[in-house]
There are 2 protein chains.
Amino acid sequence: MESAPAIRILLDELERLPGIGPKSAQRMAYWILNADTATALRLAQAITDVKQQVRFCSRCFNYAEEDYCEICSSPKRDQTVLCVVSEPRDIPPIERTGAYNGLYHVLGGALAPMDGIGPNDLRIAELMSRLGSEAIQEVVIATNPNIEGETTAAYLARLIKPLDITVTRPASGLPVGGDLEFVDEVTLGRALEGRRPL
Amino acid sequence: MESAPAIRILLDELERLPGIGPKSAQRMAYWILNADTATALRLAQAITDVKQQVRFCSRCFNYAEEDYCEICSSPKRDQTVLCVVSEPRDIPPIERTGAYNGLYHVLGGALAPMDGIGPNDLRIAELMSRLGSEAIQEVVIATNPNIEGETTAAYLARLIKPLDITVTRPASGLPVGGDLEFVDEVTLGRALEGRRPL
């Protein structure tokens with residue numbers, strides 16, 4: 001590793017990746033050095049392609065390769081329900097549940113007045129415009145269950161309710177399979193508040 | 001993530017990397033998607049460059065960008081001591097100790113008769129040729145302290161000793177800072193066998 005500037009440059013670039021420290025970077029660099037050239041170049045090409053081909057869906061701002069993302073262009077999705085999320089990365093976990101078949105709207109962040117992120121920094125105008133022109137009957141606000149996410153949800157609820165559209169938020173409560181003993185008190189408090197008859 | 005084949009391809013390629021599972025791959029893919037294009041393309045370029053520019057040193061078979069690696073071309077290295085290692089990745093840890101200033105020879109593996117890896121599959125002929133033409137007085141056999149490494153060390157020792165060259169092997173023993181209680185019995189046995197007067 002002492003010998004080749006190209007290896008040192010690769011190590012530096014790999015270490016920029018999230019969750020990759022010097023040891024992981026070194027393991028990955030040696031893997032790349034040992035891999036046959038076609039395999040390594042496929043990885044390089046995949047990185048290049050993603051930057052050249054992926055853009056934002058012009059309707060919901062999810063990642064897309066066409067004007068509309070696959071969800072927005074699918075005829076199978078319920079066009080009357082819209083789920084608001086902070087980032088594109090929040091969509092796959094919701095999709096994996098199989099419990100949601102509506103549309104999405106990606107805000108591009110959450111309100112954080114302390115960091116100077118206000119309503120104009122998010123795609124809220126675009127959301128309101130969709131609510132005016134599309135046949136949305138329910139908006140599910142799936143921002144993160146933290147301060148910024150809750151603030152954003154409350155702000156959006158106040159904007160949307162006058163439009164005669166149902167506004168919902170996923171339930172907070174005990175994680176399934178979790179251990180009551182180890183649940184934090186805020187979550188447990190929410191779970192108790194949201195208790196349901198059996 | 002459901003939306004773009006380019007992202008799916010990138011995920012597949014990232015998951016091939018060692019120690020990278022689906023979650024790490026996803027985190028890395030989103031990082032690449034969010035990164036500015038120049039940063040992402042620098043990573044792609046670093047991978048490409050390493051495959052195009054890095055080859056094996058024609059003398060010691062370490063990674064190199066010229067005919068000789070940086071170690072072989074350095075005038076500061078002791079030309080009378082040669083350390084034999086299995087893979088190029090074994091060199092950086094030895095260099096980091098600061099305890100070694102000689103040359104290297106990379107075998108490209110270790111003897112493993114069960115896997116059909118014999119002397120002709122390693123760069124042993126090249127090693128013997130170097131010992132014949134260079135001014136080597138000591139060979140340190142730093143193959144791994146496992147069955148294959150020990151077998152390889154014993155095999156090489158038998159080949160080299162008749163040449164009137166000193167053959168050594170790094171000491172096996174207790175890891176510094178380790179806890180006697182948790183040391184495996186083979187290591188502890190070696191440490192006792194190799195005990196030294198204080």
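The values are calculated or read from the model by the stated rules, or taken from the named source; none is laboratory data. This is a predicted model, so every value here is computed, not measured. When we count neighbours, we look across all protein chains shown, and the Cβ atoms used for this are built from the backbone with ideal geometry, even at glycine. Only protein heavy atoms, including side chains, enter the accessible area calculation; ligands, DNA and RNA are left aside. Shrake-Rupley method; radii C 1.70, N 1.55, O 1.52, S 1.80 Å.
Within chain A, which is the longest segment that contains none of the trypsin sites (Lys or Arg not before Pro) sitting in a DSSP loop with at most 13 other Cβ atoms within 10 Å?
Here the longest run is A:77-194.
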Å² per residue, accessible surface of the protein assembly as shown at 1.4 Å
55
Would the protein assembly as shown count as rounded, prolate or oblate if I go by the C-alpha gyration tensor, calling it rounded below 1.5 in a/c and otherwise prolate when a/b exceeds b/c, oblate otherwise?
prolate
Just read off the accessible area of B:Ile9 with the full protein assembly in place, 1.4 Å probe, to the nearest 10 Å².
90
Within the accessible area of chain B (1.4 Å probe), percent carbon and sulfur
53
Taking the rotation that carries B onto A, look along its axis and tell me which residue of B has the beta carbon nearest to it, distance in whole angstrom.
B:Ala44, 2
Tell me whether segment B:44-155 comes out rounded, prolate or oblate; compute the Cα gyration tensor, take square roots of the eigenvalues as a ≥ b ≥ c, and use a/c under 1.5 as the rounded threshold.
oblate
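Give me Rg over Rh for segment A:100-196, both radii from the alpha carbons and Rh done the Kirkwood way, two decimal places.
My calculation puts Rg/Rh at 1.02.
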Enter the Cα centre distance for the pair segment B:58-72 and segment A:137-192, rounded to the nearest angstrom.
60
Taking a ≥ b ≥ c as the square roots of the Cα gyration tensor eigenvalues, with a/c under 1.5 meaning rounded and otherwise prolate when a/b beats b/c or oblate if not, segment B:1-45 comes out oblate
DSSP-defined antiparallel bridges as percent of all bridges, chain A, nearest 5
20
Per-residue mean of other chain beta-carbon atoms within 10 angstrom of the beta-carbon, peptide A:9-20?
6
Say a label goes 7 Å from Cα toward Cβ at A:Gly108 in every copy; what distances in nm does this one have to the rest, shortest first?
5.4
Sequence of B:Glu185, B:Glu148 when ordered by accessible area, the most exposed leading, probe 1.4 angstrom
B:Glu185, B:Glu148
What are the nm distances, shortest first, from A:Asn34 to its equivalents in the other copies, labels at 7 Å along Cα→Cβ?
3.2
Interface residues of segment B:73-116, defined as losing at least 20 Å² of accessible area versus the chain alone with a 1.4 Å probe, are B:Arg89, B:Pro92, B:Glu95, B:Arg96
Once Lys and Arg are counted +1 and Asp and Glu -1 for all other residues with Cβ under 9 Å from that of A:Tyr30, the total becomes +1
Along Cα→Cβ, 7 Å out, is where each label goes; now give me the distance between the ones at A:Ala191 and A:Ser58 in nm to one decimal.
4.7
Can you show me the helix-derived [θ] at 222 nm for the protein assembly as shown, built from DSSP H runs with n ≥ 4 at -39,500 (n - 2.57) apiece and divided by the number of residues, rounded to the nearest 500.
-12500 deg cm²/dmol
Which translational diffusion coefficient, to the nearest whole µm²/s, is obtained for segment B:44-108 from the Stokes-Einstein equation, given a Kirkwood hydrodynamic radius over C-alpha pairs, 20 °C and 1.002 mPa s?
173
Using a 1.4 Å probe and ignoring any ligands, DNA or RNA, find the accessible area of B:Ser172 and quote it in Å² to the nearest 10.
50
Using only protein heavy atoms and a 1.4 Å probe, how much accessible area in total is buried between A and B, to the nearest 100 Å²?
5000
What nm distances, shortest first, do you get from the label point of A:Phe182 to those in the other copies when the point sits 7 angstrom along Cα to Cβ?
2.1
Considering the options A:Leu122, A:Thr151, A:Gly109, tell which one lies farthest towards the positive end of the dipole of segment A:84-170, charges being +1 on Lys and Arg and -1 on Asp and Glu at the Cβ, about the Cα centre.
A:Thr151
